[in-house]
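S.K.: I'd like to ask some things about the structure below.
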Amino acid sequence: MAALTATAPARPRKLLASRKTRVGILYALPVVVYLLVLFVYPIFSTLFLSLKNADGSLTLHWYADALTGVNLSVLFTTLRISAETALLSLLFGFVLANAISRLKPLWAGLAMLIVVVPHFISALVRTYGWIILLGDKGLVNETFTGLSVPRAPFQLLYNELGVVIGTTSMMLPYTVLLLYGVMRGVDRRLLAAASSMGAGRVTIFRRIYLGRGRGSRRR
C-alpha cells in the first residue's frame, strides 16, 4: 500500500515534466529554424563552396593559397592583433569591473552606463573620435608635446597600435559586463579572508573569480 501511494504522485510529475518539455521544444522550434536557415546553412554553403573549383570539382587549392605567401602573413597579423586585443580587454575590463563592483548600487549603475553607452554609438562616429584623439594634432599627442615627452608627437594612427586601441575600445564593454556579473556576486568577506591568508591578487582572481565563473557554467 505504501509503495502504491509513493509511486502515485510520480506519474503526474512525469506527465507534467514531459508536457513542459514538449512546450519548451515548441517554443524553441522557431528559433532553431531561424538559426538553421540564416546561420548554419550559409556557413556550410560557404564551406562547401570553398572546396570547389570553378568547374565544380573538389579542391583544396583555396586553403593552400590562404596558408602561403602574403595571406599567411595577414593571418598571423590578424591572430596577433586578436590576442593583443583579448589580453588588453581582459586586463582593463578586470580593473574596471573590480572597481565598479565595489561601488554602491546607484554609483555602480551610473558607472556601467558610462561604460556601455559608447557601445551604442555608431562605429563610424567612434572611429572619427579616435582619429581626433590620436592624430598628430590630437588631444593625446598635444598633451605629450605639452609635457615635453621625448619624440612626441607619436604615430598612433594607421598602424597596428591604432588598430589595437580601436578594437580594444570596442570589446571592452563586453568584457566589463561579463566580469562585473561574476564579481558582483562574490562575497566580499571571501576576498578579505583570502587576502588575510596570504593570497595574492592573481591567486584571488584565479581561485575565486574564475572558480565562480566555472561553477556558474556548470549550473
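The values are calculated or read from the model by the stated rules, or taken from the named source; none is laboratory data. Just so it is clear, the structure is predicted and the values come from calculations on it, not from any experiment. All Cβ positions, glycine included, derive from the backbone under ideal geometry; neighbour counts span all protein chains shown.
S.K.: Quick one: is Thr143 surrounded by fewer than 15 Cβ atoms within 10 Å (Cβ to Cβ) and of a type in the set (Val, Ile, Thr)?
M.R.: Values: surrounded by fewer than 15 Cβ atoms within 10 Å (Cβ to Cβ): yes; of a type in the set (Val, Ile, Thr): yes.
The answer is yes for Thr143.
S.K.: If you don't mind, there's one more thing I want to ask. Taking the condition farther than 30 Å from Leu172 by Cβ and modelled with pLDDT under 90, does Ser45 pass? Full working, then the answer.
M.R.: Values: farther than 30 Å from Leu172 by Cβ: yes; modelled with pLDDT under 90: no.
No.
S.K.: Right, another one. If I filter region 61-74 for residues that are farther than 16 Å from Val164 by Cβ and not in a helix (DSSP H, G or I), do I get at least one hit?
M.R.: Checked region 61-74: at least one residue is farther than 16 Å from Val164 by Cβ and not in a helix (DSSP H, G or I).
S.K.: Same structure, new question: Does Arg151 satisfy being loosely packed, with under 15 Cβ neighbours inside 10 Å and either under 20 Å from the mean Cα position of the chain (by Cα) or of a type outside the set (Gly, Ala, Ser) (or both)?
M.R.: Working: loosely packed, with under 15 Cβ neighbours inside 10 Å: yes; either under 20 Å from the mean Cα position of the chain (by Cα) or of a type outside the set (Gly, Ala, Ser) (or both): yes.
When the stated conditions are applied, Arg151 passes them.
S.K.: Let me ask something additional. Among the listed residues Ala108, Ala99, Ala66, identify the single one that is among the small types (Gly, Ala, Ser) and over 30 Å from Leu210 (Cα atoms). Write out each step before concluding.
M.R.: Values: Ala108 fails: over 30 Å from Leu210 (Cα atoms); Ala99 fails: over 30 Å from Leu210 (Cα atoms).
Among Ala108, Ala99, Ala66, only Ala66 is among the small types (Gly, Ala, Ser) and over 30 Å from Leu210 (Cα atoms).
S.K.: Leu106 passes all but one of (1) closer than 30 Å to Val186 by Cα; (2) over 21 Å from the mean Cα position of the chain (by Cα); (3) of a type outside the set (Phe, Trp, Tyr); (4) at pLDDT below 90; which number fails?
M.R.: (4)
S.K.: Given the criterion surrounded by fewer than 11 Cβ atoms within 10 Å (Cβ to Cβ) and either more than 16 Å from the chain's Cα centre (by Cα) or farther than 19 Å from Phe92 by Cβ (or both), identify the matching residue among Arg188, Arg184, Arg206.
M.R.: Numbers: Arg184 fails: surrounded by fewer than 11 Cβ atoms within 10 Å (Cβ to Cβ); Arg206 fails: surrounded by fewer than 11 Cβ atoms within 10 Å (Cβ to Cβ).
Answer to the check: Arg188.
S.K.: Looking at region 117-148, which of the residues that are hydroxyl-bearing (Ser, Thr, Tyr) and more than 16 Å from Ile165 (Cβ to Cβ) is farthest from the chain's Cα centre (by Cα)? Even if it seems obvious, please write down each step before you answer.
M.R.: Start the filter on region 117-148 by keeping residues that are hydroxyl-bearing (Ser, Thr, Tyr), which leaves 122, 127-128, 143, 145, 148.
Then drop every residue that is not more than 16 Å from Ile165 (Cβ to Cβ), which leaves 122, 145, 148.
Numbers: Ser122: 19, Thr145: 35, Ser148: 38 Å.
Filtering first and then ranking leaves Ser148.
S.K.: Taking interchain pairs and intrachain pairs at least six residues apart, which have beta carbon atoms under 9 angstrom, with the first residue in region 36-55 and closer than 17 Å to Ala66 by Cα and touching a residue at least 24 places away in the same chain (Cβ under 8 Å) and the second exposed (fewer than 10 other Cβ atoms within 10 Å of the Cβ) and among the β-branched types (Val, Ile, Thr)?
M.R.: Filtered contacts from region 36-55: no entries.
S.K.: Right, next: Condition test on Ala66, is it at pLDDT below 75 and not β-branched (Val, Ile, Thr)? If you could, list the steps in order and put the result at the bottom.
M.R.: Details: at pLDDT below 75: no; not β-branched (Val, Ile, Thr): yes.
For Ala66, the condition - at pLDDT below 75 and not β-branched (Val, Ile, Thr) - is not met.
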